[in-house]
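The values are calculated or read from the model by the stated rules, or taken from the named source; none is laboratory data. The model shown is predicted, which means the values in this text are computed figures rather than measured ones. Counting neighbours? That spans all protein chains shown, and the Cβs are built from the backbone with ideal geometry, glycine included.
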Amino acid sequence: MKKITNLLSIIFLSLIFFKCQQTPKSVLDYRWSEERAWQWHNENGWMVGTNFNPSTSINQLEFWQEDTYDQETIDRELKWSSELGMNMHRVYLHNLLWEQDSVGFLERVDNYLEISESKGIKTLLVLLDDVWHPIPKLGKQPDPIPFVHNSGWVQAPGAEILGDSSRHDEIKNYIKGIITHFADDKRVVGWDLYNEPDNVSRDDPRYPDRGPEVRDKHIYSLSLLKKTFKWAREINPSQPLTVGLWKESETWSDIDSLSAIDRFAINNSDVISFHAYGGLEETKKKIEDLEQYNRPLLCTEYLARGEQNTFQIMLPLFKEKEVAAVNWGFVAGKTNTAFPWSSWQVEFDSLPKIWHHDIYLPDKTPFDQGEIDFLKDILLK
């Protein structure tokens, strides 16, 4: 008996020693398995929709602030998208809205999700964004610059926090609070944690008070991206996490050739997302490159008609490859995204003959009725 007791003691102490030698598991190790990711894909089917922003909002802040939250327009425009057969929209949030009034903000997001669900539409929520103006401010938002693409969109969290690593934790409660609140909400189909990290905003003399961009932005964007994934993994929501690849590369299949940000996104996303504004062959190659990672694919931005990137060209490819497809722009409004990117350099005085993004005018006049017929045909039949 004594020998058995001694043997058990040795085994017990050995197990303790072995466990102490193991590296503690990081929350970043809790990435979904490929099997779980494909189960999510199969449960949701082919998802198609738009980056939804109501036509009466110039940016994320005007969308969600209490005095400009336009439920009537949201309901009407979501109904129009549902009539086309769209079933998933990508929607941007902002940390300043949480700081301003987290309770009211959550109530408005819940209201939006209720309306969206009533139209048969799920939502991919976007938490951070490195695109356009680097100094976001609450309150009344600027009027659009006439005929200029996306003249009022703002970054989140913006340069003041992003460019100071010691301040990154200021948005921790926002990230964890939003995800915690909707972690098991079936209306939310996924979390796009950070849109286009390291997108450097260009200077523009029409906005002399826009504030400076972050120098060496890629360093700070990667740092915040890692923290955001960690905070999200600590919540462990029932929906997948993703961050999209957006910078052009000769190949996305050679992970060692990618930027540090893109490598991190590929290695930590539960499902792989990307942006595609080029033509058919370029987009096809992106999909083929990303298929090697053996996870469901989502194209979370496309549609640039002047670049031969149209619904008629792209959607058959996305459908064949079972890639979720989320175009930019729905109802042309304050964001002015019917105008091309070149409107920052070239002056326009009316809507272009070929719209860059967007599908309808606010009175529901379409850019092209043939395009509407095509969308209904491919999405509803």
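Among the residues of segment 208-225, which ones are of a type outside the set (S, T, N, Q) and out of contact with any Leu (no Cβ under 8 Å at 6 or more places or on another chain)? Spell out how you get there, then give the answer.
Residues of segment 208-225 that are of a type outside the set (S, T, N, Q), as a first pass: 208-220, 222, 224-225.
Residues satisfying the conditions are Pro208, Asp209, Arg210, Gly211, Pro212, Glu213, Arg215, Asp216, His218, Ile219, Leu222.
Consider Lys176 carefully, then state whether it is within 18 Å of Asn53 (Cβ to Cβ) and either surrounded by fewer than 23 Cβ atoms within 10 Å (Cβ to Cβ) or among the hydrophobic types (A, V, I, L, M, F, W, C) (or both).
In short, no.
How many residues are farther than 19 Å from Gly244 by Cβ, surrounded by fewer than 17 Cβ atoms within 10 Å (Cβ to Cβ) and in contact (Cβ under 8 Å) with a residue 60 or more places away in the chain when one looks only at segment 275-323?
Going through segment 275-323 one residue at a time, the tally reaches 3.
Answer yes if at least one residue in segment 235-247 is at pLDDT below 95 and either more than 15 Å from Leu125 (Cβ to Cβ) or touching an Asp or Glu at 6+ places or on another chain (Cβ under 8 Å) (or both), and no otherwise.
yes
Among the residues of segment 25-78, what is the count of those that are closer than 28 Å to Pro142 by Cα, charged (D, E, K, R) and surrounded by fewer than 21 Cβ atoms within 10 Å (Cβ to Cβ)?
Looking only at that region, the number is 6.
Residues are listed down the side, and each one gets a yes or a no for (1) within 22 Å of Lys286 (Cβ to Cβ); (2) part of a loop (DSSP other than H, G, I, E, B); (3) touching a Lys or Arg at 6+ places or on another chain (Cβ under 6 Å):
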position: Ile313; (1), (2), (3): yes, no, no
position: Ala325; (1), (2), (3): yes, no, no
position: Thr335; (1), (2), (3): no, yes, no
position: Phe348; (1), (2), (3): no, yes, no
position: Pro352; (1), (2), (3): no, yes, no
position: Lys364; (1), (2), (3): no, yes, no
position: Phe374; (1), (2), (3): no, no, no
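Mind listing just one residue for me: the one in segment 82-134 that is free of Cβ contacts under 8 Å to residues at least 40 places away in the same chain and of a type in the set (Ser, Thr, Tyr) and, of those, surrounded by the most Cβ atoms within 10 Å (Cβ to Cβ)?
Tyr112
Starting from segment 341-354, take each residue that is within 14 Å of Asn150 (Cα to Cα) and list its partners that are loosely packed, with under 12 Cβ neighbours inside 10 Å, counting only C-beta distances under 8 angstrom and pairs at least six apart or across chains.
Trp344/Arg202
Quick one: in segment 94-126, of everything that is among the hydrophobic types (A, V, I, L, M, F, W, C) and either under 17 Å from Asp184 (Cα atoms) or modelled with pLDDT under 95 (or both), which residue is nearest to the chain's Cα centre (by Cα)?
Val126
How many residues are in contact (Cβ under 8 Å) with a residue 40 or more places away in the chain, assigned to a helix (DSSP H, G or I) and of a type outside the set (S, T, N, Q) when one looks only at segment 28-47?
7
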